[in-house]
Amino acid sequence: MTTTAKKAASWYRIILTALVLGFFMFPIFWLLETAFKLKIDMFSLPPVWIGFKPTLKNFQYVLGSMPIFKWGANSLIISLGTMVLSMALGVPAGYAFSRVKFRGRFLLLTFIILARTLPPVIIVMPFRIMMNALGLFGTWFAVILIDTIYNASFTAWLMAGIFDGIPEELEESAIIDGCGVFRAFLRVAVPLSLPGLVTSALFAFIFSWNDFLFAMTLTSPETTTLPLGMLSTYGMMSVGWTTMAALGFFAIVPVVALSLALQRYYVSGLTFGGVK
């Protein structure tokens, strides 16, 4: 390939990457610029994307008139609880699938990950009845439990691939040196699987943070989460799109910041676990 052809191919890749990135980033841009608009600017025709006067009234209204910090705290508690419980169940399960060889292992692991594809609407009502019978309806724990059903299966599947890539000889050496199986798991396998751990934890946190159906069905006014808070922008006659956009800003900023901070871990974790 000539130098000119290489340069042309490089430019094609850059342009294609920019187009794909722009396609996926445009909704976020639209959300953010709507959050800084007045309602009259929101409905202007043709749409004004940049040349409008920014305002903070939407944020002032959200912070002053809505219990956004309470909603955010509920979302954080449920997301962290789901993440911890999913990791506590999924990581040891993934390790067992990796180290214990038995017939039907791959088939069973496939069935476990299929739980992740189960339509939420199928199980939400039976689960609500169950939580009501147990006296847990309207609590954080009810949402944490049902979110864990989906996240623990993904964690077990991903971590099984991660542990497959870690040589068993390292753990065997630790056992020979006096570590038990459990201590070898904690001191050797777990530290070496850090990218997979971060990936699993981040996926569990984001899934629970963004959850709407389970939270709407299982929470009470005292445990309302941030996505549910956006419903308050709906009125009898209109929808407060600019207010909803301001709430969306507060909803996505923590997740985006956390994802950017941990991106080097979860990118390598997905690659490491996906090739096994």
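Any chance you could give the angle, 0 to 90 degrees and rounded to 10, that helix 3-35 forms with the longest Cα principal axis of the chain?
60
Report the Cα-based extents of the stretch 18-152 along its three principal axes, largest first, to the nearest Å.
65, 45, 25
Considering the Cα trace of the stretch 107-171, what is its radius of gyration and what is Dmax, both in angstroms?
Spelled out, the Cα radius of gyration and Dmax of the stretch 107-171 are 15.8, 49 Å.
Where a Cα-Cα gap under 17 Å defines reach, which lysines qualify for LYS101, not counting those fewer than 8 residues away within the same chain?
Hits, sequence-local ones excluded: LYS276.
What does the convex hull of the Cα atoms come to per residue for the stretch 74-130, in Å³? Write down the numbers at each step before the final one.
Working: hull volume 6.6 nm³, N = 57.
Per residue, the Cα convex hull of the stretch 74-130 comes to 116 Å³.
Straight distance only, please: which aspartates and glutamates reach the Cα of LYS70 with their own Cα at less than 18 Å, same-chain residues fewer than 8 apart left out?
Here the aspartates and glutamates satisfying the reach criterion relative to LYS70 are ASP211, GLU222.
Could you work out the per residue convex hull volume over the alpha carbons of the chain, in cubic angstrom?
Numbers: hull volume 58.3 nm³, N = 276.
Dividing the Cα hull volume of the chain by its residues yields 211 Å³.
Compute the helix-to-body angle for 105-114: its Cα long axis versus the longest principal axis of the chain, expressed 0 to 90° and rounded to tens.
So the inclination is approximately 10 degrees.
Considering the stretch 129-226, what Rg and Dmax in Å follow from its alpha-carbon atoms?
In Å, with Rg to one decimal and Dmax whole: 18.3, 55.
Once phi is turned into θ = phi - 60°, what whole-Hz ³J(HN,Hα) does the Karplus curve with 6.51, -1.76 and 1.60 give for every residue of the stretch 242-256, x standing for Gly and Pro?
These are the phi-based 3J(HN,Hα) values: 5, 5, 4, 5, 5, 5, x, 4, 5, 6, 8, 4, x, 5, 5 Hz.
Could you name the lysines whose alpha carbon sits less than 18 Å from that of LYS53, not counting residues in the same chain fewer than 8 places away?
Once the sequence-local lysines are set aside, what remains near LYS53 is LYS37, LYS39.
So how do 205-216, 119-130 stack up, highest first, on mean other-Cβ count within 10 Å?
205-216, 119-130
Every number here is computed from the coordinates shown, using simple stated rules; none is lab data. All values derive from a computational prediction rather than experimental measurement. Note that we place each Cβ from the backbone using ideal geometry, even for glycine, and neighbour counts take in every protein chain shown.
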